[in-house]
Structures are given as structure tokens and as C-alpha cells.
Amino acid sequence: MSFFRGDYLTDFNQQDVEILRREPGFRGFYRLDVLTLRHRLFAGGWGPELRRELFVRPDAVCVLPYDPWQDAVVLIEQIRVGALGKRANPWMLELVAGLFDEGEEAEQVAHREAEEEAGLTLLNLTPITRYFPSPGGSDEQVYLYCATVDSRGTGGLHGLAEEGEDIRVSVWPRSEALAAMADGRIDNAASIIALQWLELHGQALRDQAGPQP
């Protein structure tokens, strides 16, 4: 199965944007570029020069590990600096996730991160979608998957010490994970999208699962 690539909604393309200047703003683990650009208008002609900051970062892979035999999902919990000051508890329930290393394919990232973050072996990978989480200021794309797993014995603390990771892994009945999404305990985009997809397609995964390995 491949990621959906639908028709674009307009006739515009890359040639309808002129990047006049691209200047470095910040260089660190991620980078910030400052772009001066203009683009064609729906009404015709060209718009004015615009100055925009662009957060440049590698693309990411997020995976919802699903055990169709137990009808349960595996979630991870870790601190997220973006949640500081925005919610009472900056530790978030999330999917297994990670960034591309140079030369990696999306499925390679999925398998690597599942082992590092949750001690999981992914049995099958089903693409859900690919999306921009914040295209107004970032060029990151997220590749989103659901993965069949055997969740027996899964849990505990995981993560790479050299990357400062401190990850708690837990197994949730699908119904409880959906309830956590509904009441706001799960409040990040990748997890919400994946759990909603699972609610629509989970029965098919359970029907296809066959005997438990």
C-alpha cells in the first residue's frame, strides 16, 4: 500500500513561487532559515514580498503499535518541551516516533524506533497517511503508520541514554486509549489521527491477523 497522492486543489506549482533570498537565522540540532519570497495570486499577478521564518528539520515517522489479538495499543510517555507552560503535565502519551537518519527509508525508521523506544518487533506495517504538522512555519512531513505487534510482555522503561531519552511504555486496551483521546489526555496530532484511523480500520486488521504467533 502506498501513501495517497491526490490531485492538488489549484493549478499552482513550485514555479509560481520566487524565493528572492534565503538567509540563515539559527543553526543547532535543528535550523531556522529566513526566506524573502513572493508568489502568484489567485486573482492573477504577483503578490508583495513576504518575509517568513522557516523551521527546517528532518521528516519524521510515527507508528501506532496495535495488537489485534488483544485489541490493544502500545503507547509511550515522555516529557515534551513544547508542552511546558501549556498543560499541567508536560509528559505526553504518544506513538513510537523518530526522525529520519541520512539514507533511511520510512519503514527502516519505524522498525528502529520501535525497538529503541518500546522494545517492540513490528510484524506488519500499514501506511495511514503522510502530512505536514505545521506547514505555516515548518517543512517537516510526518509518515504515519499502524503496525501489528505482539504486545505480550511489553512495558517498562526504554530509550537511548546517550540521547537523554526516558520513556515509559504501556499497553492500553483500544477502548481505553480512545477514551483518553476523547477526554484530552492524548492531545497530540499523530496519536489522534492514528487512533481515529484504527477505529475505522481496526476490524479489518483483526480479521486479517490469523492465529497469534
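Residues in the range 37-59 that are part of a strand (DSSP E or B) and either in contact with a Gly (Cβ under 7 Å, 6 or more places away or on another chain) or open to solvent by less than 10 Å² (accessible area, probe 1.4 Å) (or both): Arg38, His39, Glu53, Leu54, Phe55.
Those strands (runs of 3 or more DSSP E) of the range 77-173 in which 3 or more residues are under 15 Å from the mean Cα position of the chain (by Cα) and surrounded by fewer than 17 Cβ atoms within 10 Å (Cβ to Cβ) occupy 124-131. Taken residue by residue, the range 61-68 has no member that is in contact (Cβ under 8 Å) with a residue 12 or more places away in the chain and open to solvent by 40 Å² or more (accessible area, probe 1.4 Å).
Out of all the residues in the range 174-211, which are open to solvent by 60 Å² or more (accessible area, probe 1.4 Å) and more than 16 Å from Ala147 (Cα to Cα)? Listed by number, the residues that qualify are Ser175, Glu176, Ala182, Asp183, Arg185, Asp187, Pro211. Taking the range 23-36 as the range and being surrounded by 13 or more Cβ atoms within 10 Å (Cβ to Cβ) and not hydroxyl-bearing (Ser, Thr, Tyr) as the test, the residues that pass are Gly25, Arg31, Leu32, Asp33, Val34, Leu35. Does the range 23-35 contain at least one residue that is at pLDDT 90 or above and part of a loop (DSSP other than H, G, I, E, B)? Taking every residue of the range 23-35 in turn, none turns out to be at pLDDT 90 or above and part of a loop (DSSP other than H, G, I, E, B).
When residues in the range 17-68 are screened for being hydroxyl-bearing (Ser, Thr, Tyr) and within 30 Å of Gly202 (Cα to Cα), 1 of them pass. The set of residues in the range 104-133 being under 30 Å from Thr36 (Cβ atoms) and free of Cβ contacts under 8 Å to residues at least 60 places away in the same chain consists of Phe132, Pro133. Give me the residue from the range 11-22 that is of a type in the set (A, V, I, L, M, F, W, C) and part of a strand (DSSP E or B) and, out of that set, surrounded by the fewest Cβ atoms within 10 Å (Cβ to Cβ). Looking at residues that are of a type in the set (A, V, I, L, M, F, W, C) and part of a strand (DSSP E or B), I get Leu20.
Close Cβ contacts (under 8 Å, 6 or more residues apart or on different chains) running from residues in the range 171-182 that are modelled with pLDDT of 95 or more to residues that are of a type in the set (Lys, Arg) and in a helix (DSSP H, G or I) are absent.
Scanning the range 174-200 for residues that are part of a loop (DSSP other than H, G, I, E, B) and touching a helix residue (DSSP H, G or I) at 6+ places or on another chain (Cβ under 6 Å) returns a single hit, Ile186.
The values are calculated or read from the model by the stated rules, or taken from the named source; none is laboratory data. All figures in this text were calculated on a predicted structure; none of them were measured in a lab. Here Cβ is always computed from backbone atoms with ideal geometry, including for glycine, and neighbour counts include all displayed protein chains. Heavy atoms of the whole protein, side chains included, go into the accessibility calculation; ligands, DNA and RNA do not. Shrake-Rupley method; radii C 1.70, N 1.55, O 1.52, S 1.80 Å.
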